[in-house]
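Okay, structure first, notes after.
The values are calculated or read from the model by the stated rules, or taken from the named source; none is laboratory data. Note that the structure is a prediction, hence the values are computed from the model and not measured. Cβ: placed from backbone, ideal geometry, glycine included. Neighbour counts: every protein chain shown. For accessibility, only protein heavy atoms count, side chains too; no ligands or nucleic acids. Shrake-Rupley method; radii C 1.70, N 1.55, O 1.52, S 1.80 Å.
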Amino acid sequence: MVRLQETPNADSIYLAWIGADEYFSEEDVKTSRRSFHRALIEMIEKGFIAESTQPNMFWFYPHLFFNGNRMSFIQEDRKNPKPINPEEN
């Protein structure tokens, strides 16, 4: 999620062990390279992410992870027309 927040409005994410290891060291999280790769495999199997043709690049499921600017999410406002009253027809 941290890596996702660093790249707003993107539809893919770079997830490599080198970057993950740096983050885990900074946050004092004990995990192994094997655990990291098992987690990636599980996220792929569950449909949270999908492999890209580029190494260590993954597409993420946009309906699960919102990765954009909430202000630009709404692109236009529409005024609703007055409801049609069936009695007036």
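From the residues in the range 1-33 that are in a helix (DSSP H, G or I) and hydroxyl-bearing (Ser, Thr, Tyr), which one is nearest to Pro55 (Cα to Cα)?
If we take residues in the range 1-33 being in a helix (DSSP H, G or I) and hydroxyl-bearing (Ser, Thr, Tyr), then Tyr23 is nearest to Pro55 (Cα to Cα).
Taking the range 4-33 as the range and being in contact with a Gly (Cβ under 7 Å, 6 or more places away or on another chain) and open to solvent by less than 90 Å² (accessible area, probe 1.4 Å) as the test, only Pro8 passes. Ile41 meets all of the listed conditions (1) at pLDDT below 90; (2) exposed (fewer than 12 other Cβ atoms within 10 Å of the Cβ); (3) assigned to a helix (DSSP H, G or I) but one, namely (1).
Suppose the filter is surrounded by 13 or more Cβ atoms within 10 Å (Cβ to Cβ), of a type in the set (Phe, Trp, Tyr), modelled with pLDDT of 85 or more and part of a helix (DSSP H, G or I); does Phe36 pass it? Outline the logic, then answer.
On the way: surrounded by 13 or more Cβ atoms within 10 Å (Cβ to Cβ): yes; of a type in the set (Phe, Trp, Tyr): yes; modelled with pLDDT of 85 or more: yes; part of a helix (DSSP H, G or I): yes.
Yes.
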